[in-house]
Amino acid sequence: QVQLVESGGGFVQAGDSLRLSCATSGLTFRSADMGWFRQAPGKEREFVALINWSGFRTDYADSVKGRFTISRDKAKNTVYLQMNSLKPEDTAVYYCGADLNLRTTREWYEYGIWGQGTQVTVSL
């Protein structure tokens, strides 16, 4: 069974950094595209970043480009989201998703496997 487990969220102040982790099991290193999405209260699920199966293509939402970096460690079967210069508007539950269809897409509904989410709260 494929499972994703997010961790690394927390409570920080604006300008601080966090590193989120998505530990995967049941996936080979090149079996899925991986994406990070977030959802704030009262808002729709929002694309944040993705990395393709090989790790050589990445994509970012305009709101996080230049601040966030997605990466994957194939040896550890883990996907990371390094978040720098955090803003209050980054506050959300962050979810890791896997797309075994390899669509390399920003659309959340194309990701069939999800973790439980990790809360990121950024205060002034």
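The values are calculated or read from the model by the stated rules, or taken from the named source; none is laboratory data. Note that the structure is a prediction, hence the values are computed from the model and not measured. In this analysis, Cβ positions are derived from the backbone assuming ideal geometry, glycine residues included, and neighbour counts consider all displayed protein chains. Accessible surface areas use protein heavy atoms only, side chains included; no ligands, DNA or RNA. Shrake-Rupley method; radii C 1.70, N 1.55, O 1.52, S 1.80 Å.
By the scheme Lys and Arg +1, Asp and Glu -1, what is the net charge of all other residues having a beta-carbon under 14 Å from that of Gly9?
Working: positive: Arg19, Arg38; negative: Glu6, Asp16, Asp90.
With Lys, Arg at +1 and Asp, Glu at -1, the neighbours total -1.
Contour minus end-to-end for Thr121 and Lys43, with contour as 0.36 nm per residue of separation and end-to-end as the Cα-Cα distance?
On the way: separation 78, 0.36 × 78 = 28.08 nm, distance 1.53 nm.
Full extension from Thr121 to Lys43 adds 26.6 nm.
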Could you pull out every one of the lysines with an alpha carbon less than 29 Å from that of Lys76, ignoring same-chain neighbours closer than 8 positions?
Lys65
Cα centroids of segment 100-114 and segment 50-77: how far apart, whole angstrom?
14
Using C-alpha positions alone, give me the convex hull volume of the chain per residue in cubic angstrom.
91
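So what is the relative contact order of the chain, in percent, for Cα pairs below 8 Å that sit 6 or more residues apart? Kindly include the intermediate steps, with their values, before the conclusion.
Working: 316 pairs, mean separation 44.7, N = 124.
Reported relative contact order: 36 percent.
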Share of Cα-Cα pairs in segment 73-124 beyond 14 Å, whole percent, is 64
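Roughly speaking, to the nearest percent, how much of the chain's 1.4 Å accessible area is carbon and sulfur? If you can, show how the numbers build up before the last one.
Values: 3070 of 6470 Å².
With neighbouring chains kept in place, the figure for the chain is 47 percent.
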